[in-house]
Structures are given as structure tokens and as C-alpha cells.
Number of protein chains: 2
Amino acid sequence: MYLDNINSPKDIKKLNVEKLQTLADETRNALINKISKAGGHNGPNLGIVEVTVALHYVFNSPKDKFVFDVSHQCYPHKILTGRKEAFLNPEHFHDVTGYTNPLESEHDLFTIGHTSTSVSLALGLAKGRDLNGRNENIIAIIGDGSLSGGEALEALDYAGEYNKNLIIIINDNDQSIAENHGGLYKNLKCLRETNGNFSNNLFKAMGLDYIYVEEGHNIKKLVEVFNKVKDIDHPIVVHIHTIKGKGLPYAELNKEEWHAGGPFNPKDGSRKIENDESENVVFDSLKELLDTNKKAIVLNAGTPMGLGFVKGVREEYVKRGQFIDVGIAEENGVAMTSGIAKNGGTPVFGTFAPFFQRTYDQMSHDVCLNNSPATFLILNPGVYGMNSNTHIALCDIQMFAHIPNLVYLAPSCNEEFINMFKFATTQKKHPVAIRVSSNMVSSGIEDKTDYSLNKNKIEIKGSKIAIFAVGILISMAKEIAKKVKEKIGLDITVINPLFLNDLDKNLLENLKKDHNFIITIEDGEVQSGYGQTISSFYGDKDMKVKNYGISKAFHTDFDPNKLLEEHGISVENIVNEIINFINDNE
Amino acid sequence: MYLDNINSPKDIKKLNVEKLQTLADETRNALINKISKAGGHNGPNLGIVEVTVALHYVFNSPKDKFVFDVSHQCYPHKILTGRKEAFLNPEHFHDVTGYTNPLESEHDLFTIGHTSTSVSLALGLAKGRDLNGRNENIIAIIGDGSLSGGEALEALDYAGEYNKNLIIIINDNDQSIAENHGGLYKNLKCLRETNGNFSNNLFKAMGLDYIYVEEGHNIKKLVEVFNKVKDIDHPIVVHIHTIKGKGLPYAELNKEEWHAGGPFNPKDGSRKIENDESENVVFDSLKELLDTNKKAIVLNAGTPMGLGFVKGVREEYVKRGQFIDVGIAEENGVAMTSGIAKNGGTPVFGTFAPFFQRTYDQMSHDVCLNNSPATFLILNPGVYGMNSNTHIALCDIQMFAHIPNLVYLAPSCNEEFINMFKFATTQKKHPVAIRVSSNMVSSGIEDKTDYSLNKNKIEIKGSKIAIFAVGILISMAKEIAKKVKEKIGLDITVINPLFLNDLDKNLLENLKKDHNFIITIEDGEVQSGYGQTISSFYGDKDMKVKNYGISKAFHTDFDPNKLLEEHGISVENIVNEIINFINDNE
């Protein structure tokens, strides 16, 4: 196997160009070996094998520098840069992360997971090179799906006036996670269909030089083109047509399903673990809204599956004009949502929590300053969300709870979510955001809370000690109360804040009468989180407050329950804390 | 005067099209009357008078809906929609704000001040219209400068697949606040020079229909074109060539200086108030850095004057490759900054605080996750920044202080800024952001703090009571200490935190020995601000803490000192608070 002798990109250069396709086949096999056993990003990596082999054959990494957009397509790059064991040998699968990682290799420049960043970061590397008087090649590799993101479009535009070496590889497989959205994809299609010769060209219109490669899996052609652009003295777009999922017929056929996923049988693509077909409370609520309110509409930004609108489901609502995927373009999605609310619609915008980071300004300025009565679903925030440092979302409360006019709700169970969603989509006073934990389950009890009252919910009424538990942590708080009762016979109070944007000051005042210790627990960062607003309220009162939450760090690859425990958020620790407090104060 | 009879857009329609130029001249005179006496956005409004008259002549506002981007060019629109008194009569100048404002008129849809939002918001209005089965025209009016912003580019792209009525007016005066930056401006130039016929067309490449109008001040032509696109059944870009500052020769000649400013003599453009030529500590520090470190570079996003790099100054540094204006494209600016730091440069990115809201994700993911040692200058945050609700920035601490790896510094005086800036641009461990208050002045004392130690600074050592004052509020804290000493003979402690990203826990522990009351004051929102982190630290200790800051609201048109006072942040109130505390506790 050629791959046996490939321990760094230098080893690839020893091969005759004729041998590279064999190396690519071996690389693809190594890739399939791992993704079929351990899961991962299938389609993006299968489609970029030949491009990666050719890039490393022509350019000299780490002197020349690659920036992979999202970096979920970096597996072949890892295989070819000294990390093949992590793909060949199951014992080493966990030696590498699913994204580029400078801690693993000098061939990785950035820890990256969000989309549309590569051209900006590459422009920065290029400018850093210029300031140092060096001359290495800087290469951004960006998929067609990422092009619609504002950061990428801003960077392409700026690259159009930059005047030194920068190579922008557009890996065009005509697919985002789901299908692409936006007018620019019509232009990419025209360019593909005319071998790059279509008269109107988005990249040229942005001032960029341009070259097209139809055969994105023909290594010889790729090597030829890369040799041509190597050491170029100005920015150029190399638009390469590839096939997402290349090499696995079922993945080529069903690109959305095979974007990413768990283990599968490589022979036929049958899944080793069946897809979770369990109830989806978010989808059910959205569907009911759309079916009963013809002025309602659901929007998302490139992640329709997050809301349960998988292929085969969303088409009907698109036809009705009640479902929009704006593509990877969160800023536009959020601002459009504000506009819809201002002109008589009932919009709901939802995406995963880390991607909401793109929308802070739109949430504040376009939505909340205008007090547009729209609903936002922040999916999978907190420790139970994605657990890679590239995708963690431990700061959603920090980002949103302080924005004026925004009602920020944290359901502790499905039933509360259902009722909060009804409240959000029927009121016309404020924007409402709901943080939807992936760990949320049914409580079995219908929720009849009137959310217009802005009141916390007393789950258990006790005395002396009260626990405020945010969202899904309420079950832990109840367990703590049970254990305290068992151990020392004391009934403590458990409070579900429901609202995170403000305090229920009456309740807090009342607690002073018969409580002297408040514990807050939340599943995100403790600094500037929910609990600290309670500490501040009681700061000059005779009430002790202890805030539990996660420390400020880009935590990664953690077990959520262990991470909570490491930060003292466990039944055992908090029960002990309470018993100690009682012993010290009685 | 025709204008006498114009009380709503309906009145304009009564005029023969031949009379419209006279109405436009009168409108321009009303505009000049106000801006020459009271200041404001000169160039953008002078350049859009004819377009506005023609728009209101053809379309039927408020049924048809206009969204003005940034909305700083809405003065003629205000004059023609029932608000002319606010331009003609100095007593009524303050009846209207400088931006569109739904509280003033049914002809204004949004409260808007940030750039690049109009196409998204208009798309939302259009979609809301569709859901309601109505058929009004939706018109976005966006300047060329705003086109480079990610939100605008995302929206143009999405508009390219939207399939109902949407009219996008590009008001192209070939100028942002400063000159434009980005490759797309080469395309606009080609389009202007070919009467819109250049083969490569950015808007068409995004899937949009397109029409060009060279004579942007010829009302008859404008009316003709607007009549053509009225009630169109798909999105279209109407690209109009206008002259920024039209009608005032000096403003047409020097577009950057006449973008906005204070009162002037309309005859010759002489300023009634001389420009502030006083020291600019930010510029001086940046200049020294660039002149002594050839690998250093200053970046900004469309606001070079904010850093003191006015026209005539920045050209030299651009030539040296040490100054970049990326145009209105904050996301790209921040991500590029990360890339430069990763490849051996010493980058500093700075812009005004409200515009940093666009960069939360880039600050967190592109910069801080990668721990890139770059410097960020957040200009004019807090109550002394811009005081319109469209531009307030009371939440910079909320946005930034909690992000892992970021060192967030608050200088209280010029000397601390100088030293912090030196620290930031010479260390290689972390990204560092500095919040630079417009109210910052010299203390007259050189700052020799070692900022690598992460320690708060004890300005005055006392006992019993300590005040933590953020940044420029330290002078108020010292005044409080002086007054307390005078009134009750007590020496209290005054602490300058310097760092807002973390607590100086040793210091806080030590304070417990001889203090029992802490007061925190900050010039931004109190919820999730700096003070609450101190409340949390002492939450379960025998220390009382009171946090002072601004309430959560989109405050507007405030006097900063009064706003502070209304929130208890005044020498008198806090001195009383301290005396009461002492009386109650001794």
C-alpha cells in the first residue's frame, strides 16, 4: 500500500503522478474504514479525497498553508499528514478530532467548526506573510454551501482588492448540508454547465481571477491546475466540480442523509444504529403552528433537520410558502424574521445554538430594538449540546438574556416547551427566544403556566434553602430536595425560573422571609450567567447565594454529566453543601 | 413654495411631474437649513433628494413600504412625510431623530442605525405580505457603502431565489463614509461606466434582475424607471448613480469630510465649530506601533476616522502595507485579524462599539478559540458613546468579558490606555480587547502597571467600604472617597479593576479582612455586567455588595451624566448610601 509510506506530505511528492489515484483510493478506503465504524462527516470527506491528494502533491505544507472551511472535510488531509493511524486503527480513532487542530499537527492552522471563515482567515495569513516578507502560498478550501455566509462573502469581496498570493479553492459539490439556497447557486450551476465560461461570473464580479476544473476527481488535471496557480501573485478562485459522497454510491445518491452520521455497513449503506425515530416535540409544535395559522412561517439557516424538517417533510411547507431555508446565512435569516413579524406574519426562526453566535447584532438591533414579535428556537445549548470546542454553546444565556425587550425562556420539559411555544407564537408584544436542550424529555404533566405573567415557578415549596435550576437541571434539583429530605428531614424549595431575561422580584423578596441560602445551577458558563443576576439581587441583603455553572473555557470532548460533576453540579455535592450549611448555621 | 402644501406623500402626487424638481430644490433647501444650523448626516441626504421625491411620487407609502439602510439618509423622506417642520423651524429640530422611527410616522417601518440590514428586513416585509395575501410594493434603499456588509450580501443572495415583488434601490454615490473597499466596487464602477451594460454583473450573478439609471438627479427619468418597476412580480435591483453631497459644491468635492458633521455656513462650507484638533491618544499609540514595528498593522471596517486615520494620514500607512480598511465588513475584519496574528503579524483591529456587535462569533470562534494574540479597540462604549438607541453600546462588557481566552481591559485614563496598548501589542499569549471611552482623559501620571499579572489596582487604600469603578468612572469613585472622608472622616477603598474578564481573587479575599460593603459602578448595563461577577464571588460570604449600572433598555437621546444619575451613579447618591450603611452597621 502506498499509504504505508506516507507519513507526511513530503512522502507524497516521491510518487509519480500516475500513482496518485491509487494513493487516493487507499486514502478513501482508510476514510471509509473509520467513518463506517465510528461515524463522522461522510459526504464532505469522500468528495475531497482527490483534491486533497493533489493539493499536498503540489504545495508544500506546512510552509504553504491550508485553511479548510468548517474543516469537517479535513479527514483526507489528516490521513496524509501523519495521522493515518487514527483512520486505519480503531484503537487510535480518538487520537484526532473531526476538525483541523493545531495541537495535533503543524499542518493544521486553526481550530475551526463554524462555516464561512476560511477566506477571511486565509486573507489574514496572507497579510501576516506579507508583513514578514515571506512568499508561501496561502490556500483557502471552501465548499459551495459555505459561500452564502456573510463572513465568506465579505472576505471574497475584500480578496477582490487584495493584490498578493491567495488561492481560493471552491469545492463545489452542489450541496450544502441540505440543498443550497440563494441566487449565487444559479450562477455556480451556469458556470459548471459552461465549463466555467458563463459570461456572468460572481467571482469575477467581485474582482477575482478565476479558473474552472470540471473533473474534480481527476488527479492529473488537478495537479496540472494547482501547478499553474502555485506561487501566483494575486488572488484566484479555483472552482472545482466534485461529487459529494464520491465512492459510495448510496452516499452519492442521497447527499443530505450522508452528509454526516453514525456507523454503517459500507457494502450497502445500511445503518448500524437505526435513526432515532422518537417523538420530536419541536417539530410537532412547528407543524401544528403551520397547519393552524396560515400566516405562520418557519425559517432556518442551512439546518432544516435540526427542526425536524427533513427532506420529504419540508417540501410541502415550502410549497405552501410556510417554510424557508435561507441557506447558511444566519444574519439574513434573523433579520428577515424581524421583517415578517413587522408585516403581519408569525415567524419562527430556529437553528443550533453555536450558529446563533452569528446573529448577536441582528437579534439586538434588527429584532429587539424594533420589538418584533418573532419566535427564536435556540437548539441544543448548554453542556448537552455539541461537545467539541469548535461547536460548544455554553454562553447562550450570556449572549441573549441581557438584550432589552427579549423574553428568554428555558423549558425544563417537553410540556413546558409546548406551552412556551404557544405563548411565543400567539403574543404580539415581544420577541421571544426559547432555549431547547437536547436533553429535554416529557414530565408527563401538562403545563398550564401563563407566560405573560413573567413569574418563576415554585416546583417544591420548602424553607431555609432554595435551589434555582435552569431548564432541564430542574430534575436534578428535585432529586437534591428528595435526598435532603431523606437525610435531614428538611423540605427545601425548588424553583424553575422559566424566564432568564429578568428576575421574579416578588418571589425573591418573599424568599427572604423564610430562606437564608439560595443555590443556583445552570448548564452553561457561570460568569455572567443566570445565577449571577440572583447573587446581585441579594448582594446587599441577608441572603447567602452560591452560583454553580461551568468555568470559562473552550471545553472539549467532554461527557456532559462529568463536566457538570467537575463543576460541583451533582446531587451528591449539592446535598452535602446543603447539609454543611444547615450544620454551620443552626 | 410647493413644500408648504406637502403634508403627506399624497400631496406630492397632486403635482405635475414637471414641478417635482422645484419640490426637490425646496426639499434640499429645507435639509440644508437644518444641517447647516444643527449638523447631521450631510452627504447621504443631499445625494438622495431627487430619488426620494420620485419614490414618493410613484409609490404609495405607507401601503407600499420603504426600508432605508442605516436610515441616515431619511431626512428628505421625513420632510415629505409630514415632518417638514423639524427641518424648517429650529424650534422643532428636535422633534425628529436622525433615523427612521416608527414612533414618529406610519411611513417609517424600523428603528435602524447599523448598516447593511435593509434588504433582509425588506425580504421579511415581503414575505409577511405574501403570508397575508396582499400585494404592496416593498422597496429597500441601500447605499453602495453598505453593500460590502455580510448581512446585505447574504440578503442579496437570498433575494436571488425569492420570487415575488421586491425592489432594491442601490443608491450608488461611489463612496462609503470613507472610500469604498472591496472588489465589488470595481464592478459597480464598470457598471456605471457602461450605463449598466457591463457583461459581468454582481447582481445578475446573484440571480437578480437589474436596471441602471445614470441620471440619479433627473426626477423625470427616475419617475419613469420607478413606474416601470412598480408592482413587478419578482426582485429587481435598480442601480442609481447619485452624487454624494449634491447641491453643496464643497460637500460634493470632499465627500468624506462632508459625510456628517456639525453646523456650517452654507455659503462656503466653513464650520461654525472648529474640528477638535486636540490630542488623540489612540492614534498616537497606533502610529507609534506602526512606526516601530514593521510587522504591525492596523485594521478597521469602514470607520478609519474613529482611529484617527483620516484622509491624508492613512495613505502613507496603506502604502507601507500597515493599514487596512476592509470596508463595512466587520466579520471579515476580525477574522483577518486572527489570521494575521497566527502568521507572525501584530494586528490591531478597531471600530466603534456598536459595530462590534457584528463580530461576536468571529471574536469567540475565529479569534479566542484559536487564542490569536491580536488587539481589539472597542471605541466609545458605555453611556459616553453614541446616545441614539440605534447606536447605543451599553453591553460591550456583556458581549466580551465572558469569552474564554480574551483579556478585556478598561483603562480609566490616557496613560493606562497607552500602557495597556503596549502590553497588548507586545505579548503573544492571548487576544486582548481594550474598551476606549470617549470620555477618557489624561491623569497626568504615567502608568507602570504590569498587565501580565492580571491584578486590580488599589487607587486608594481604606477600610470598611470599597468601590470598584470600571474605567473612566474611577474619577467619580475618587470624588466619592474624598467626600466620605470630609463628611464622616472615613477612608474608604477605591479599586480600579483594569481587567474585566476575570476577578483578582486574592484581592477580593483580602478585602474580607477589613471591609464589609462593596459598591460596584459601571457605565453600561448592570445585568450580567462586571459588578455582578463580584456579587457572585461574595454571594456566600459575609460581605454586602451593591451593583450600580444602567437598566436594561434601549435608552435614547440621553444626557450621559443624567442617565448615570438616574441610575444612582452620582457622587451625592453613593456618598449617602455609604453614610447610611455606616450608620446602620456601627
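Any read-out appearing in this document is the output of simple, stated calculations on the displayed coordinates, not a laboratory observation. Only a predicted model underlies this, so the values are computations on that prediction, with no experimental measurement involved. Heads up, the Cβs are rebuilt from the backbone with ideal geometry, glycines too, and the neighbour counts pull from every protein chain shown.
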Check: C-alpha center segment A:109-188 vs C-alpha center segment B:495-558, spacing in Å is 42
Taking the axis of the rotation relating chain B to chain A, the B residue whose Cβ comes closest, together with that distance in whole Å, is B:150, 1
Given Cβ charges of +1 for Lys and Arg and -1 for Asp and Glu, the option among B:87, B:401, B:289 whose Cα lies farthest towards the positive end of the dipole of the protein assembly as shown is B:87
Residues of segment A:393-418 with backbone N under 19 Å of the label point set 7 Å from the Cα of residue A:446 along Cα→Cβ are A:412-418
Here the gain from full extension of residue A:315 to residue A:60, 0.36 nm per residue of separation minus their alpha-carbon distance, amounts to 87.2 nm
For segment A:456-585, averaging the sequence separation of alpha carbon pairs under 8 Å that lie six or more residues apart and dividing by its residue count, the contact order in percent is 26
Distance in nm between residue A:585 and residue A:95 label points, each 7 Å along Cα→Cβ, equals 5.3
With +1 at each Lys and Arg Cβ and -1 at each Asp and Glu Cβ, the charge dipole magnitude of segment A:222-272 around its Cα centre, to the nearest 20 debye, comes out at 260
homo-copy label distances at residue A:438 (7 angstrom along Cα-Cβ), nm, one dp, ascending, are 4.4
So, relative contact order of segment A:2-253 in percent, Cα under 8 Å, 6 or more apart, is 22
Given backbone amide H placed at 1.01 Å from N, residues whose amide H is under 5 Å from that of residue B:464, ignoring those fewer than 5 places away on the same chain, are B:515, B:516
Residue-ordered couplings for segment B:77-90, obtained by feeding phi - 60° into the Karplus form 6.51 cos²θ - 1.76 cosθ + 1.60 and rounding to whole Hz (Gly and Pro as x), are 4, 5, 4, 8, 10, x, 10, 5, 4, 5, 10, 8, 10, x
In debye to the nearest 20, the charge dipole size for the protein assembly as shown, taken about the Cα centre with +1 at each Lys and Arg Cβ and -1 at each Asp and Glu Cβ, equals 600
Quick note, the protein assembly as shown: a/c under 1.5 would make it rounded; otherwise a/b > b/c is prolate and the rest oblate (a ≥ b ≥ c, C-alpha gyration tensor); here it is rounded
Rounded to the nearest 5, the percent of DSSP beta bridges in the protein assembly as shown running antiparallel is 10
Given unit charges at Cβ for Lys, Arg (+) and Asp, Glu (-), the dipole magnitude of chain B about its Cα centre in debye, nearest 20, is 460
For the residue B:215, residue B:272 Cβ pair and Förster radius 41 Å, calculated FRET efficiency rounded to 0.05 is 0.75
Whole-Hz Karplus couplings 3J(HN,Hα) for segment A:445-458, θ = phi - 60° and coefficients 6.51, -1.76, 1.60, Gly and Pro as x, run 10, 4, 9, 10, 4, 8, 6, 6, 8, 6, 10, 6, 10, 7
The relative contact order of chain A, taking Cα pairs under 8 Å that sit 6 or more residues apart, comes to a percentage of 10
If one compares the long axis through the Cα atoms of helix B:150-159 with the longest principal axis of the Cα atoms of chain B, the angle in degrees, nearest 10, works out at 40
Checked segment A:8-130 with the C-alpha gyration tensor, a ≥ b ≥ c its square-rooted eigenvalues, rounded below a/c of 1.5, otherwise prolate if a/b is larger than b/c and oblate if not; verdict oblate
Honestly segment A:281-436 on the Cα gyration tensor test (a ≥ b ≥ c root eigenvalues; a/c under 1.5 rounded, otherwise a/b vs b/c for prolate or oblate) is just rounded
If B:542, B:291, B:502 are placed from fewest to most neighbouring beta carbons inside 10 Å, the sequence is B:542, B:291, B:502
For peptide B:390-403, the mean count of other chain Cβ atoms within 10 Å per residue Cβ is 4
Label model pair residue A:189, residue A:429: point-to-point distance (7 angstrom along the Cα→beta-carbon line) in nm is 4.6
FRET efficiency (residue B:8, residue B:163; Cβ distance; R0 35 Å; to 0.05) is 0.60
Asserting the computed 222 nm helical MRE of chain A (DSSP H runs at least 4 long, -39500 (n - 2.57) per run, divided by residue count, to nearest 500) equals -10000 deg cm²/dmol
For residue B:422 and residue B:250, extending 7 Å from Cα along the Cα-Cβ vector and measuring point to point gives, in nm, a value of 4.1
Karplus-derived 3J(HN,Hα) from phi for segment A:238-255 (6.51 cos²θ - 1.76 cosθ + 1.60, θ = phi - 60°), whole Hz, x at Gly and Pro, runs 10, 8, 10, 8, 10, 10, 5, x, 3, x, 10, x, 5, 6, 5, 7, 10, 5
